[in-house]
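The values are calculated or read from the model by the stated rules, or taken from the named source; none is laboratory data. Just so you know, these numbers come straight off a predicted model, no measurement behind them. Using ideal geometry, Cβ is built from the backbone for each residue, glycine included, and neighbour counts are taken over all protein chains shown. Ligands, DNA and RNA are stripped out before the accessible areas are found, and what is left, the full protein with its side chains, is counted by its heavy atoms. Shrake-Rupley method; radii C 1.70, N 1.55, O 1.52, S 1.80 Å.
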Amino acid sequence: MSSHHLRRMRRRAGLLAGALAALLFAGLMITGSAQAAAGCRVAYTVPSQWQGGFTADVQVTNLGDAINGWTLTWAFPAGQRVTQAWNSTVTAAGSQVTAKNLSYNAAIATNGTVSFGFNGSWTGSNPVPTSFTLNGVACTGNPGGTPTASPTQTPTPTPTPTPTPTTSPSPSPGGDPMATVAAMQPGWNLGNTLDAIPDETAWGNPLTTQALLHQVRSQGYNSIRIPVTWTDHTGPAPTYTIDPVWLARVRQVVDWSLAEGFYVMINLHHDSWQWINTYPGDRTTVLNRYNALWTQIAATFRDHSAKLVFENINEPQFTGTSDDAQGDEVLRELHLAFVRLIRQSGGGNATRLLVLPTLHTSGEQARMDALNTTLSQLRDPNIAATIHFYGYWPFSVNIAGGTRYDSNVEQDLVGTFERARASFVARGIPVIIGEWALLSYDYTRPGIIERGELLKFFEAVGYHARTRNLTTMLWDAGSFLNRPTLQWRDQGIYDLMKANLTTRSATASADQVYLPRSGTITSRSLTLNLNGTSFQGLRQGSTNLVNGTDYTVSGSTLTLTASALSRLAGNRAAGVNATIEARFSQGVPWQISIISYDPPTQSAASGTTSSFAIPTQFRGDQLATMEAKYADGSGAGPANWTSYKEFWTHFQPDYSANTILLKPEFFAEVNDGPVTLTFHFWSGTQKTYRITKSGSTVTGSPA
């Protein structure tokens, strides 16, 4: 997706960054040993712990003969589980845990040390392991095999329900970039703010405050990406001097963020499509401007904390290139210039973590391969790769019938994340998903993405990123955190994302059960997607529903009985009558709305291509999508490769006015003559409507 397109979309939509509980330092440590030939030592530390989760660092020192290939094993004493690991492959069987080397850290010389880490989950208590074995030999701590000391442990703190965040330890200069990027999980984007054109509030968000940053940090975010657009704040050639007021404002927000304990990422954002994209045809001018900006930014932040991270370009794209392969080569030149400039600026910049994107921040294999070629040429140990992920496009914008989280969406997600893991993480290069979202999720445009389908997508993104050691920084331009009130617009989305950092949540085939407003109510069944959980029961408010009377469960099929649905529907008023929750052994509950409806009705209308509304009585139902076809069955209107049009861009329901609007963007590509529209509703109802366009005049009536 191009930067210009995403900019246009983001002015209308932003995505929630899910969260986890804020970190508390536990200060836990065990010093034991593991050995291969004659002995070894293990330092197991827990630098961070929070309600239900923790981060552990493990250092293994080889005191015996050199080894090539290692396996470290231990047992968790209280049922803890590893949820995400870096610098090793970690598996578990019950309480027994096994960590194995990756390809790049298999060798440990005599007196050499290898380190890895992981995030984990716990319940009750989080005591440290008491013994380790390396390649089958028990830890002792001495070459001769005699322990030097008994394991020691500081007491596990009692976490509070809403812990106050404390600053995570900054990575040391030249430290482990894999550990640094893992510590950035999860991240949140301050979207449509310092990247807005021409200034901070131009796209509708308020000025950034310390209170906003504190709230985001307190919700469990460990990193913040601060997109910055510099174009309207720089002087002319040859110096391209940054407006000191603007630079001071950027520095202020960065400093506030660091003070809150965030890892912070700044970049050149919409500059990518405003002027950097002309680089192929004007190398000298663009490179001079690019170098001038990064020289000034590097000097400003030269001595800042190592928790400040530089990303050179947001979503790079270029005009005047023949294909993406040429674009990869052009981007390589800018990457090399950036890394060289930052490293030569000295101070903390000599070892600061730098983040380099693929072309278009694409997850395609060819784009990742091209970035790998650049990284091999740089041979810089403190670099992370970044891509963006907005999901399978038809689902992300609701076009081509992409209304559900189906196998197409799942395969696109898994394929992208697995390519990132195999291309970078497996080679010791950390990956940051610098933005992820669904393009058309927006509280100002409800109904484009059905809530339950969105929750399935969010749950899957969290799981597949976590199991592949990918750090995610989620795009929020105001649609998820209400910045004026500092409250989540949808608490349930936040709760799912928070839980998903350490465990999975179950979902179901639907989160809505539609019942007729008249006639007999019959039982309804849903398919549970257990995701490794076990079903515990149904609840309405504080009341448990009765298994066998109100519902039955057979395998993954949950059936609501006719008697329970009749009770829940009450007087069967149109719309949502009741909400129940399916509860599981872990994760968040799955909400199910019980909805009464009558089939929608429509009536005749006339209007113009710039203003046409179909009178529609929704009667408790909700619109899912719309098809448009000519008489020969071919797709009518924009994107004529599909009959299903784009929700909100081409058509839009207005539930308060009881109309469905057909947009000028739709009619702009509709031929004169008849067009058959089919409206698909979430109840399963379909309504057919025929319109006739003649110049700018449009008439229509139910088929």
Taking H placed 1.01 Å from N in the peptide plane, check which residues at least 5 places from A624 or on another chain put their amide H under 5 Å from its amide H. H680, F681, W682
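Would you calculate, for the chain, the mean residue ellipticity at 222 nm contributed by helices, counting each DSSP H stretch of 4 or more residues as -39,500 (n - 2.57) and dividing by all residues, to the nearest 500?
Values: 14 runs with 156 residues, N = 703.
Calculated mean residue ellipticity at 222 nm is -6500 deg cm²/dmol.
If Lys and Arg each add +1 and Asp and Glu each add -1, what is the summed charge of the other residues whose beta carbon sits under 11 Å from the beta carbon of Q540?
Working: positive: R539, R567; negative: D550, E581.
Taking every other residue near Q540 into account, the sum is 0.
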Whole-Å distance linking the alpha carbon centroid of the range 589-634 with that of the range 366-434 is 36
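Roughly how many Å² is the accessible area per residue of the chain, as a whole number, for a 1.4 Å probe?
Each residue of the chain exposes 37 Å² on average to a 1.4 Å probe.
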Expressed as a rounded percentage, what relative contact order does the chain have, with Cα pairs under 8 Å and six or more residues apart? 12
Taking the Cα centre as origin and putting +1 on Lys and Arg beta-carbons and -1 on Asp and Glu beta-carbons, what dipole magnitude results for the range 218-359, to the nearest 20 debye? 520
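Can you tell me the order of 380-392, 675-687 when each peptide is scored by its average per-residue count of other Cβ atoms within 10 angstrom, highest first?
Numbers: 380-392: 22.1, 675-687: 18.5.
Averaged packing, sorted descending, gives the order 380-392, 675-687.
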Cβ neighbours within 10 Å, averaged per peptide: list 553-560, 79-86 in order, most packed at the top. 79-86, 553-560
The alpha-carbon center of the range 265-280 and that of the range 282-313 are separated, in whole Å, by 12
I429 neighbourhood, Cβ < 14 Å, K/R = +1, D/E = -1, net charge +2
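What's the carbon and sulfur percent of the range 167-315's accessible surface, probe 1.4 angstrom, rounded to a whole number? Write down the numbers at each step before the final one.
Working: 2580 of 4650 Å².
Answer for the range 167-315 is 55 percent, counting heavy atoms of protein chains only.
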Along each principal axis, Cα extent of the chain, largest first, Å: 89, 74, 44
In the neighborhood of L454, defined by Cβ-to-Cβ distances under 11 Å, what is the net charge if each Lys or Arg adds +1 and each Asp or Glu adds -1? -2
How large is ³J(HN,Hα), in whole Hz, for each residue of the range 538-546 in order, when computed from phi with the Karplus curve 6.51 cos²θ - 1.76 cosθ + 1.60 and θ = phi - 60°, using x for Gly and Pro? 10, 9, 10, x, 9, 9, 7, 6, 9
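Whenever you get a sec, line up I197, I580 from highest to lowest accessible area (probe 1.4 Å, protein heavy atoms).
Values: I197 40, I580 0 Å².
Correct descending sequence by accessible area is I197, I580.
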Quick calc, the range 359-467, dipole around Cα centre from Cβ unit charges on Lys, Arg (+) and Asp, Glu (-), nearest 20 debye, gives 220
Packing-based ranking, highest mean first, of 285-295, 568-578 given that Cβ atoms within 10 Å are counted: 285-295, 568-578
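Mind putting a number on the dipole of the chain about its Cα centre? Charges go on the C-beta only, +1 for Lys and Arg and -1 for Asp and Glu, and I need it in Debye to the nearest 20.
Numbers: 48 positive and 47 negative charges, 208 e Å.
Dipole about the Cα centre, nearest 20: 1000 debye.
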